[in-house]
Amino acid sequence: MPLPPILHAEDGLNEGQAIAARIRQWDAGETRGPYTMELYPTMTCNIDCVFCDTTYRKGKQTGELTPDQYWTILDDARDLGVRRVFILGGGEPLVRKDVTPELMRRIKDYGMEGHIATNGTLFDEALIDQVIDTGWDELHFSLDAPDPGVNDYLRGRKGVFEKVAQTMCRIHGKKHALGRGPQDAPRMLVHAVVTNKNYWMFADMVRFASAVGAFRVNFDYIIAYRPEQHALTLSDDEKRQVPALAREAMQVAQEREIITTLDQFLLPETMDRGAMTFPQSGPADAQHAPCLNPWYYLVVQPNGAVSPCCVITGQGESAGDGLAAVWNDGAYFSSLRESMKAKEMTDLCRNCSMSIISRNDYIRESLP
């Protein structure tokens, strides 16, 4: 029997208002738990994306949190008032068959909003039924092109496109049989990494997403650290082509009622993820920090190390030692919050994504 949903004082507020209220409480001298938590069950992956920045994803990893540690972390998250849990990975979270499906069950039993990012190749019929029967909220499928050849090249393995398309169609069909539409749980989202191999496919990707029952497509420009990643970045001439291609796809998205992040591609400079800038004015408090994540967002790496986002990863204490301790009073988060108040950001912050920046801007609308 599932536990009753956890009730929060924020019920009746939208997401931006609820997070803004927590940030104001921090400035008033109170501690509040994270609104959103990301869990990375593993860095191991069953495919080999050519642009992936996780260089140690091959083979079985060591030092990953145990199932019991994850259940404790989730219990702590419930007590702290976490409203949303993302299951992600430097690898593929469904590789951890001993953790991820049960974690998904418990997240919904606790009345939390559940999201998972997956390459979509490890779904079986039991898991498809589980996400439908439990009302799992969102499934984020990583797919880089609506073309099998291009997608499978970027994903590093043949047959990936076909497998993901079949899984999404299967979920779409079962939802349709139950009278559910694209906006009903589990909602499906396509996430595409934009490279010089697929940047002209914006509109076709939107059409594909619509055909398989997705409600949204997120496009993010590649982050390049290594030579093989730099080889996939767009040339200046290709970047100049992007705004027109984005506008074309935005029209298709509007016609098909698909949400996208294409407005981030209307200006070539927004594609440079190595030179992001942030607000630097205002008092030295949480509300005027250049990044709000340290006050509402918690990421837990496979070994338990914590951080406030996926860009600054694994630098804090271990959540396996107690979630409340590392979030409320841990040396890492305490130091980071003070630095952010002083407008002192880390070097890695320049690699932030427009999706994180946009989410912070959305929260700021509710802060005054």
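The values are calculated or read from the model by the stated rules, or taken from the named source; none is laboratory data. From a predicted model like this one, the values you see are computed outputs, not experimental measurements. Glycine gets a Cβ as well: all are built from the backbone with ideal geometry, and neighbour counts include every protein chain shown. All accessible areas refer to the heavy atoms of the entire protein, side chains included, with ligands and DNA or RNA removed. Shrake-Rupley method; radii C 1.70, N 1.55, O 1.52, S 1.80 Å.
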- Message: Within the chain, which is the longest segment that contains none of the trypsin sites (Lys or Arg not before Pro) sitting in a DSSP loop with at most 13 other Cβ atoms within 10 Å?
- Response: 159-368
- All other residues with a Cβ under 15 Å from the Cβ of A28 taken together, and with Lys, Arg as +1 and Asp, Glu as -1, what is their net charge? +2
- Item | Model label zone, L13; criterion: amide N under 14 Å from point 7 Å along Cα-to-beta-carbon; scope segment 333-368 | 363-368
- Query: Under unit Cβ charges (Lys, Arg +1; Asp, Glu -1), what dipole magnitude, rounded to 20 debye, does the chain have relative to its Cα centre?
  - Reply: 500 debye
- Item | Estimated distance in nm for a label pair at E238 and T72, the labels positioned 7 Å out from Cα along Cα-to-Cβ | 4.7 nm
- Note on the structure: The Rg/Rh figure for the chain, Cα atoms and Kirkwood Rh, to two decimals is 0.94
- Message: Between A203, A145, A319, where does the largest GNM mean-square fluctuation fall for the chain, given springs only between Cα atoms within less than 10 Å?
- Response: A203
- Query: To the nearest 20 debye, what charge dipole does segment 206-270 have about its Cα centre, counting +1 at the Cβ of each Lys and Arg and -1 at the Cβ of each Asp and Glu?
  - Reply: 160 debye
- Projected onto the charge dipole of the chain (+1 at Lys/Arg Cβ, -1 at Asp/Glu Cβ, origin at the Cα centre), which of V206, A20, G314 gives the Cα projection farthest towards the positive end? V206
- Carbon/sulfur fraction of accessible area - the chain, other protein chains in place, 1.4 Å, %: 50 percent
- Message: Per residue, how large is the accessible surface of the chain? Use a 1.4 angstrom probe and give square angstrom.
- Response: 43 Å²
- Task: Report the calculated FRET efficiency for A284 and H230 (r = Cβ-Cβ distance, R0 = 41 Å), to the nearest 0.05.
- Result: 0.65
- Query: Amide H of G156: which non-local residues (sequence gap of 5 or more, or other chain) have their own amide H closer than 5 Å, using H built in the peptide plane?
  - Reply: V50
